[in-house]
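Before any comments, here is the structure.
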Amino acid sequence: MATVKLFVQIPCYNEALTLAQTVADIPRQIDGVDEIRVLVIDDGSTDDTVMVAEQAGVDYVVRNPNNRGLARTFRTGVDACLRLGADVIVNMDGDNQYRGRDIPKLIRPILDGQVEIVVGDRQTRGVDHFSASKKLLQQVGSAVVRRLSGLNIPDAVSGFRAMSRTAALRLNIVSPFSYTIEMLIQAGKKHMAVTSVPIETNPATRESRLFSSIPRFIERSLTTMIRMYAMYQPLRVFFFIGSLFMVTGLLPIIRFLYFHLIGRGDGHIQSLILGGVLVMMGFISYMIGLVADLISFNRQLQEMTLERVRQVELLLLDRQREQTAVRDPAPDVEKT
C-alpha cells in the first residue's frame, strides 16, 4: 500500500508571536497518514517569524523576498508541497485562529476517497469574538459564493481547508487577494467534489488584517467573484449585460414609435437616437460574450495542458529523489 504524506502549510506575515503555538497544536500522528510535514511560507516578514518557525520545529521554510500577499503566498506553498511529494495538503493561518486538533477531522473525507477538497466551517454565528459586521459580511459573502460556485459551503472564506494532490494540481490560483473565494469557484466550475466539516476556533490573538478596511475588503472580494465567474461563464455574464442594454434601449425606441404613430414624433428623435445607441451596445456585448466564450474554451485546454506538464515535472522530481536519495531537491525550499 502506498504511503500517505500530509503537508500542513502555514502562510505567514509577521506571525512571530503566535506561530509557535500554531505549530505546537499540529498533530504529528494521524490514523491513515504515514508522514506529516509542516511547511511555513514567510511572506517577507520583518519580525522573527522565520527564526520562530525554525525553533518551533517546522520541517520546511519557503521565503518570499518581499510581501506578495496572501493569495500568492498560498499558491507558492501549494507548489512547494507538491514538489516535496504531498498527497494531502492542509492550509491554516499562522495567527493560531484554527485548532490543529481538527486536522484529522478535516482530512478524513479525503483519506476515505469521498471528496477532493474540504473546507473548515467555523460556524461564525456562534463565535463570540467575531463582530456583528464581520458575521454579516461572511454570511452574505458565503451565500454569494455558493450561488456562483454551485457548492454548498457555509463558510466560503475560511482559510482552514484541505485538498488532495489531484485537486492541488487542477487548481490555478490567479487572484492576488482572495484565494478562498477563487478556489471554490474554480472547484465548482471544474465539477470537483467539495464538502465542509465543522471546526472550532481559538480566541482572537490580533485584529484581522483582511477586515482592517471593510469597504476595501468588500471591493476586493466582489472584484474576485466577478472576475472568476466571468472567467468560467463569460457568455452568461455578457448575455446579461447585453440584455440590460437591449431592454433599456428598446424603451426609448418604443416611446418614439408611440409618438410617431400618433403624429407627434418630430420632437422625440432623441429617444430614437438614445435607444439605437443602447441597442447597439447590447449587440456588441453579445458579440464580446461569444468571443469570450471561445477564449474560455481555449483557456480550459491550456489548463489541461498545464496540469499534465505539472504532473510530468513532479514525476521527474520523484524519480530524481529516488535516484539520488535527496529528499527535497527544490532549491527554494529550506529544510530546517
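Please give the length that would be gained between residue 29 and residue 254 if that part of the chain were fully extended, namely 0.36 nm times their separation in residues minus their C-alpha to C-alpha distance (nm, one decimal).
This chain segment gains 73.8 nm when fully extended.
Let me know the charge dipole size of the chain about its Cα centre in debye, to the nearest 20, where only the beta-carbon of Lys, Arg (+1) and Asp, Glu (-1) is charged.
1100 debye
Please give the FRET efficiency for residue 17 paired with residue 112, using the beta carbon to beta carbon distance and R0 = 41 Å, rounded to the nearest 0.05.
Efficiency, from the Cβ-Cβ distance: 0.65.
Percent of accessible area on the chain owned by carbon and sulfur, 1.4 Å probe?
Ligands and nucleic acids excluded, carbon and sulfur give 58 percent.
Per residue, what accessible area does region 24-165 have, given a 1.4 Å probe and all protein chains present, in Å²?
Working: 5720 Å² over 142 residues.
Heavy-atom accessible area per residue stands at 40 Å².
Ranked from the most accessible area to the least, with a 1.4 Å probe and all protein chains present, what is the order of 258, 286, 179, 232? Don't jump to the answer; show the numbers that get you there.
Details: 258 135, 286 60, 179 5, 232 25 Å².
Result, largest first: 258, 286, 232, 179.
Output ³J(HN,Hα) for region 160-168: one whole-Hz value per residue in order, computed from phi by the Karplus curve 6.51 cos²θ - 1.76 cosθ + 1.60 with θ = phi - 60°, and x for Gly and Pro.
Karplus-based 3J(HN,Hα) across region 160-168 equals 8, 8, 10, 9, 7, 4, 4, 5, 4 Hz.
Hey, what's region 194-326 come to in accessible area per residue, 1.4 Å probe, Å²? Mind dumping the intermediate values first?
Working: 9030 Å² over 133 residues.
On a per-residue basis, 68 Å².
Leaving ligands and nucleic acids out of the surface, order 99, 227, 264, 122 by accessible area at 1.4 Å, largest first. Kindly include the intermediate steps, with their values, before the conclusion.
On the way: 99 50, 227 100, 264 145, 122 15 Å².
The ranking, largest first, comes out as 264, 227, 99, 122.
Of 240, 250, 228, which is farthest along the charge dipole of region 227-336 in the positive direction, counting Lys and Arg as +1 and Asp and Glu as -1 at C-beta?
Positive-most Cα among the choices belongs to 250.
With semi-axes √(5λ) of the Cα gyration tensor in Å in mind, check (1) 46, 24, 17; (2) 32, 21, 20; (3) 37, 25, 19 and report the label derived from this structure.
Correct label, based on the coordinates given: (1).
With charges set only on the Cβ (+1 for Lys and Arg, -1 for Asp and Glu), what does the dipole of region 76-128 come to about its Cα centre, in debye to the nearest 20?
Values: 7 positive and 9 negative charges, 33 e Å.
Around 160 debye, computed over region 76-128.
Going toward the positive end of the dipole of the chain, with +1 on Lys and Arg Cβ and -1 on Asp and Glu Cβ, which of 193, 291, 124 do you reach last?
Most positive-ward Cα: 291.
What do you get for the angle between helix 269-324 and the principal long axis of the chain? Use alpha-carbon atoms, 0 to 90 degrees, nearest ten.
The answer is roughly 20 degrees.
Quick query: amide H of residue 8 versus all other amide H atoms, modeled in the peptide plane; which residues come in under 5 Å with a sequence gap of 5 or more or a different chain?
Close amide H contacts, sequence-distant or interchain: 37, 38, 39, 90.
Under the rule that an exposed site lies in a DSSP loop and has at most 14 other Cβ atoms within 10 Å, name the longest stretch of the chain with no GluC sites (Glu not before Pro) of that kind, not counting the sites themselves.
1-199
Round to a whole angstrom and tell me the spacing of the C-alpha centers of region 281-318 and region 56-108.
Between the Cα centres of region 281-318 and region 56-108 lies a distance of 27 Å.
Would you tell me the accessible area of residue 225, worked out with a 1.4 angstrom probe on the heavy atoms of the protein chains, in Å² to the nearest 10?
Accessible surface of residue 225 is approximately 10 Å².
Run the quick spin-label model on residue 320 and residue 152: label points 7 Å from Cα toward the beta carbon, then report their separation in nm to one decimal.
It is 4.5 nm.
For 191, 260, 268, give me the order by solvent-accessible area with a 1.4 Å probe, most accessible first, ignoring ligands, DNA and RNA.
Largest to smallest exposure gives the sequence 191, 260, 268.
The values are calculated or read from the model by the stated rules, or taken from the named source; none is laboratory data. This structure is a prediction, so every number in the text was calculated from the model and none was measured. Note: ideal-geometry Cβ built from the backbone for every residue, glycine included; neighbour counts use all protein chains shown. Accessible surface is based on the protein model in full, side chains and every heavy atom, while ligands, DNA and RNA are left aside. Shrake-Rupley method; radii C 1.70, N 1.55, O 1.52, S 1.80 Å.
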